[in-house]
């Protein structure tokens with residue numbers, strides 16, 4: 001038996017069929033006819049000198065040889081795909097794909113997209129709103145903005161974007177009714193569950209305790225996304241323990257106000273991540289420069305605020 005590799009098209013046909021366990025579905029994925037795909041696999045089996053599939057009535061299953069080949073074929077094509085994407089990214093100086101969480105994308109990035117587009121008309125900016133962990137070797141992403149306690153960023157370009165703080169925020173028409181922190185208890189306390197991982201906790205109990213309110217309530221999150229809780233507060237649906245990073249524009253435009261300028265801080269923060277190679281690309285450099293210039297809108301909210309470290313709050 002020759003050690004030479006069989007034709008790549010035949011291996012590709014086998015890989016698709018082994019993943020789908022269906023010649024018809026594999027043919028649809030590769031945009032060929034089932035007959036053409038079957039011909040490719042038949043040729044691969046003849047090249048090997050052994051069957052790779054058992055043809056059953058309306059189904060197929062892998063033979064022992066097929067089981068031996070399938071994992072390596074899948075890994076090989078995945079490696080080729082990643083290498084091809086990496087090569088395209090190296091040569092692409094116009095497209096920029098940025099991923100951030102849904103709330104940060106909706107409340108901070110998207111509203112400022114027009115400004116970046118005007119300043120950099122030669123860059124095609126794409127957003128991917130997800131909290132999924134990124135694999136820069138596998139995913140077609142140039143820059144990731146992530147919120148958390150930090151992680152293993154070795155071998156990556158990693159820079160803190162902004163520190164987070166939280167304080168009650170309400171629609172302006174509700175603010176006049178609030179004279180003391182206890183008055184907030186008359187309103188619907190809005191909270192999202194995106195900070196449940198933060199330790200020490202940054203929630204309503206923490207804030208009320210920091211303000212000296214006795215027997216602070218335990219509020220269960222009603223929202224899975226922080227931007228939804230903010231939207232509810234803007235419409236007068238209650239008071240949200242708002243995050244500075246997500247409410248900067250609403251505060252600047254007067255859709256939300258801060259009735260008591262005392263905030264709790266956390267070690268959790270936003271950071272910007274990309275590969276060292278990507279950080280040298282012109283469109284990435286342009287985006288990072290723009291990003292750190294405009295994030296000053298968030299830090300500007302610090303003026304006039306009193307900050308209490310959540311780690312110093314004894315609950």
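Each value in this text was obtained by applying a stated rule to the coordinates, not by laboratory testing. On a predicted model such as this, the values are computed, not experimentally measured, just so you know. Methodologically, a virtual Cβ is constructed for each residue, glycine included, from the backbone with ideal geometry; neighbour enumeration extends over all protein chains shown.
Between [x] 1.37; [y] 1.09; [z] 1.02, which entry matches Cα Rg over 2.2 N^0.38 Å as derived from the coordinates of this structure?
From the options [x] 1.37; [y] 1.09; [z] 1.02, the structure gives [x].
Taking Cα atoms, how many degrees apart are the long axis of helix 34-48 and the longest axis of the chain, rounded to 10 and kept between 0 and 90?
Approximately 70 degrees, to the nearest 10.
Rounded to the nearest 10 degrees, what's the angle between the helix 64-91 long axis and the longest principal axis of the chain, both from Cα atoms, 0 to 90?
Rounded to the nearest ten degrees, it is 60.
Under a 10 Å cutoff between Cα atoms, tell me which one of 69, 187, 96 has the largest fluctuation in the Gaussian network model of the chain.
The residue with the greatest mean-square fluctuation here is 69.
What is the angle, in °, between the Cα long axis of helix 282-294 and the longest principal axis of the Cα atoms in the chain? Nearest 10 is fine, range 0 to 90.
20
What's the center-to-center distance, using Cα atoms, between segment 174-194 and segment 15-54 in Å?
A separation of 63 Å, based on Cα centres.
Just rank 44, 166, 91, 185, fewest to most, by other beta-carbon atoms within 10 angstrom.
91, 185, 44, 166
As a footprinting exposure proxy, order 67, 120 by other Cβ within 10 Å, with the fewest listed first.
Values: 67 12, 120 18.
Going from sparsest to densest Cβ surroundings: 67, 120.
Express the relative contact order of segment 142-244 as a whole percentage, based on alpha carbon pairs under 8 Å and six or more residues apart in sequence.
On the way: 113 pairs, mean separation 41.2, N = 103.
Averaging sequence separation for qualifying contacts and normalising by length gives 40 percent for segment 142-244.
With an 8 Å cut-off on Cα pairs and a minimum separation of 6 or more residues, tell me the relative contact order of segment 8-91 in percent.
Rounded, it is 26 percent for segment 8-91.
What does the helix-only formula give at 222 nm for the chain: each DSSP H stretch with n ≥ 4 adding -39500 (n - 2.57), the total divided by the residues, and the result rounded to the nearest 500 deg cm²/dmol?
Dividing the helical sum by the residues of the chain leaves -11000 deg cm²/dmol.
Given Cα pairs under 8 Å that are at least 6 residues apart, what percent is the relative contact order of the chain?
It comes to 20 percent, rounded to a whole number.
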